[in-house]
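Presented below is the structure to which this report refers.
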Amino acid sequence: MEVIILKNAEKVAATGARLVGELLRVRPAAVLGLATGGTQLALYRQLVERYRINKISFRQVSSFNLDEYLGIAADNPQSYRAYMDREFFDRIDIDKKNTYLPYCEEGQNPILVGPCYEQKIHDAGGIDLQIMGIGANGHIGFNEPSSSLGSRTRVKTLTRQTFKDNSRLFSETEFQPKLAITMGIATIMDARKILLLATGENKAGAVSKMVEGPVSAMCPASVL
Ligand code: F6R
């Protein structure tokens, strides 16, 4: 693991965008693992900017997001699909039919979504670069503390802390899901490269546990 410490969130995003750009230059049909959340917004802005000035193209890229809420429709503005379209996919030249999230269609058995998603990742040749954030409790994707380090894509219940952390994004009258489908820790670790971005003081404890602490299911990010 290489730890790169930078002055501010903009520099973190710029470095992330540069690394994505370098990958796409050598591998235009790369498979990207993507994440949602506040941290990634600056990265997506930088990538969109690079696309606009013709520095990179996503035309041949396919993508797999880490997670999606269970129980809200894809066209609900709170879904991670809606976030990805709004913040990234609708602003670049990616072919949206090559963008995947572990979404459970209405009437589908959520238990079956995970294995199908794993198969799709496998069929795409695996993830070249997984981009992700970290929760204040050390979660990656929605793999909350105590998640098995050998876990694969499946349904997870959000912890109270994650639910509370994310409540800032929901109005009082909006339904906030407590369940999600997330890539597992072993799924994430299958990626050829992983780029974890962490910004803000509230992540300092989790980053310290990830980098300096023991490998433990109580801090899922420590597996890195
Ligand atoms: C989102 C995801 C989460 C977030 C994490 C940090 O797809 O997988 O693990 O990366 O909760 O979220 P922010 O960036 O909002 O602090």
Taking the alpha-carbon centre of each part, the distance from the stretch 1-62 to the stretch 191-210 in Å is 16 Å
Cross-link table Lys156/Lys193; Lys96/Lys120; Lys55/Lys97; Lys97/Lys120; Lys96/Lys156; Lys7/Lys55, entries beyond 21 Å C-alpha to C-alpha: Lys156/Lys193; Lys55/Lys97; Lys96/Lys156; Lys7/Lys55
Sorting Tyr103, Tyr83, Tyr69 on the 10 Å Cβ count, fewest up front, what's the list? Tyr103, Tyr83, Tyr69
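Report the relative contact order of the stretch 114-224, percent, no decimals, based on alpha-carbon pairs under 8 angstrom and at least 6 residues apart. It would help to have the intermediate numbers written out before the result.
Working: 186 pairs, mean separation 44.2, N = 111.
This gives 40 percent for the stretch 114-224.
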In whole angstrom, and with the biggest value first, how far do the Cα coordinates of the stretch 145-224 range along each principal axis? 40, 30, 22
Classify the stretch 73-152 as rounded, prolate or oblate, taking a ≥ b ≥ c as the square roots of the eigenvalues of its Cα gyration tensor: rounded when a/c is under 1.5, otherwise prolate if a/b is larger than b/c and oblate if not. rounded
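In the chain, which helices (entire DSSP H runs) extend 18 Å or more along their own long axis, judged by Cα positions, while averaging at least 0.0 on the Kyte-Doolittle scale? Don't jump to the answer; show the numbers that get you there.
Values: long enough: 9-26 (26 Å, 0.54); 38-52 (22 Å, -0.69); 110-123 (20 Å, -0.21).
Once both thresholds are applied, what remains is 9-26.
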Tail beyond 23 Å, pair distance distribution of the chain (Cα, percent): 44 percent
Taking the beta-carbon count within 10 Å as an exposure proxy, list Arg45, Arg27, Arg154 from fewest neighbours to most. Arg27, Arg45, Arg154
Kirkwood hydrodynamic radius for the stretch 140-188: how many Å is it when counted over pairs of different Cα atoms? 11.5 Å
If you take the beta carbon distance between Leu179 and Lys120 as r and set R0 to 25 Å, what does 1/(1 + (r/R0)^6) give as a FRET efficiency, to the nearest 0.05? 0.75
Sorted by Cβ neighbour density within 10 Å, fewest at the top, the residues Glu212, Glu2: Glu2, Glu212
First check a/c for the stretch 14-57, with a ≥ b ≥ c the square roots of the eigenvalues of its C-alpha gyration tensor; if it is under 1.5, answer rounded, and if not, answer prolate when a/b is larger than b/c or oblate otherwise. oblate
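Hey, with R₀ at 25 Å, roughly what FRET efficiency would Lys55 and Ala186 work out to, going by the Cβ-Cβ distance, to 0.05? Before the final figure, lay out each step's value.
Numbers: r = 34 Å, r/R0 = 1.37.
For R0 = 25 Å, the calculated efficiency reads 0.15.
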Computed over the chain: relative contact order in percent, which uses C-alpha pairs under 8 Å that are six or more apart: 23 percent
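Cα gyration tensor of the stretch 1-99, axes a ≥ b ≥ c as square roots of the eigenvalues: rounded (a/c below 1.5), prolate (a/b > b/c) or oblate?
On the way: a/c = 1.76, a/b = 1.28, b/c = 1.38.
Since a/c reaches 1.5 but b/c is at least a/b, the shape of the stretch 1-99 is classed as oblate.
None of the figures in this text is laboratory data; all of them are computed from the coordinates on show. Quick caveat, the model's predicted, so the values are computed rather than measured. Please note: Cβ atoms are built from the backbone with ideal geometry, for glycine as well, and neighbour counts cover all protein chains shown.
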